[in-house]
Amino acid sequence: MAKPLPGDYPSYFSGYIQKVEQDTIPELVNTLSHPLTYFFLNLPEEKATYSYAADKWTLKDMLQHIIDTERIMQYRLLRVARNDKTPLPGFDENQYATSADANKRSFVELKEEFKSLRKSTDLLLKSLDETQLQHIGNASNHPVTANAIAFIIFGHLLHHKQIIEERYL
């Protein structure tokens with residue numbers, strides 16, 4: 001299935017979609033999954049509690065945010081792909097970050113969780129056919145296709161990779 005078009009997702013996700021150069025889900029999984037997973041798993045331990053400003057997340061906070069967001073998006077992907085029309089609520093990323101208290105966790109444990117979740121997402125994506133990817137659901141009061149959610153997941157990873165490269169490393 002081709003890259004999603006505007007209208008397949010809420011406009012506030014367009015920045016994530018635009019970060020993705022690949023045109024299909026198999027391309028996403030085959031060309032982005034391994035390098036992105038490698039990048040996040042190789043973040044240096046000595047930077048785990050670093051934040052570039054007093055009011056910004058540490059790398060542990062950011063990795064926990066990435067995990068939480070991918071887990072929520074994966075759930076949305078499953079629900080939409082299974083043609084579930086039940087509206088899916090939004091979430092407050094800052095409240096999640098505060099409640100997660102990631103800085104009390106080990107960086108190794110966070111990375112292991114990330115690795116497992118990424119594998120799980122990739123397996124879900126590989127299991128979906130074209131019809132399932134075309135299904136439209138409702139998340140945060142906006143229509144979104146399963147296909148668009150897949151691209152949002154990878155665009156979110158690319159977004160945070162760029163932030164880490166520019167501000168944390």
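The values are calculated or read from the model by the stated rules, or taken from the named source; none is laboratory data. Fair warning: this is a prediction, and the values are worked out from it, not measured in the lab. Neighbour counts run over all protein chains shown; Cβ positions are idealised from the backbone, glycine included.
Among the criteria (1) on the phi < 0 side of the Ramachandran plot; (2) surrounded by fewer than 16 Cβ atoms within 10 Å (Cβ to Cβ); (3) more than 14 Å from the chain's Cα centre (by Cα), the one Ala102 does not fulfil is (2).
For the range 139-159, a residue qualifies if it is of a type in the set (A, V, I, L, M) and either farther than 15 Å from Pro26 by Cβ or modelled with pLDDT under 95 (or both), and the qualifying residues are Ala139, Val144, Ala148, Ile149, Ile152, Leu157, Leu158.
Among the candidates Gln64, Gln22, Gln18, the residue that is at pLDDT 95 or above, closer than 28 Å to Pro143 by Cβ and assigned to a helix (DSSP H, G or I) is uniquely Gln18.
Output the residues belonging to the range 31-61 that are surrounded by fewer than 18 Cβ atoms within 10 Å (Cβ to Cβ), basic (Lys, Arg) and in a helix (DSSP H, G or I). Within the range 31-61, Lys47 is the sole residue that qualifies. Within the range 65-93, the residues that satisfy the criterion of being farther than 23 Å from Leu110 by Cα and of a type in the set (D, E, K, R) are Arg79, Arg82, Asp84, Lys85.
The requirement of being farther than 23 Å from Phe151 by Cβ and hydrophobic (A, V, I, L, M, F, W, C) is fulfilled somewhere in the range 58-72, by at least one residue. When restricted to residues that are farther than 15 Å from Thr98 by Cα, among the aliphatic types (A, V, I, L, M) and over 22 Å from the mean Cα position of the chain (by Cα), the range 39-62 contains 1. Can you name every residue in the range 115-152 that is buried (at least 18 other Cβ atoms within 10 Å of the Cβ) and of a type in the set (Ser, Thr, Tyr)? Correct list: Thr121, Thr145. Taken together, the residues in the range 5-15 that are surrounded by 19 or more Cβ atoms within 10 Å (Cβ to Cβ) and either over 16 Å from the mean Cα position of the chain (by Cα) or not in a loop (DSSP other than H, G, I, E, B) (or both) amount to 2.
Output yes when any residue across the range 116-126 is farther than 26 Å from Pro35 by Cα, at pLDDT 95 or above and of a type in the set (Lys, Arg), and no when none is. Checked the range 116-126: no residue is farther than 26 Å from Pro35 by Cα, at pLDDT 95 or above and of a type in the set (Lys, Arg).
For the range 16-26, the set of residues classified as within 22 Å of Leu123 (Cβ to Cβ) and either of a type in the set (A, V, I, L, M) or surrounded by 14 or more Cβ atoms within 10 Å (Cβ to Cβ) (or both) consists of Tyr16, Val20, Gln22, Thr24, Ile25, listed by residue number.
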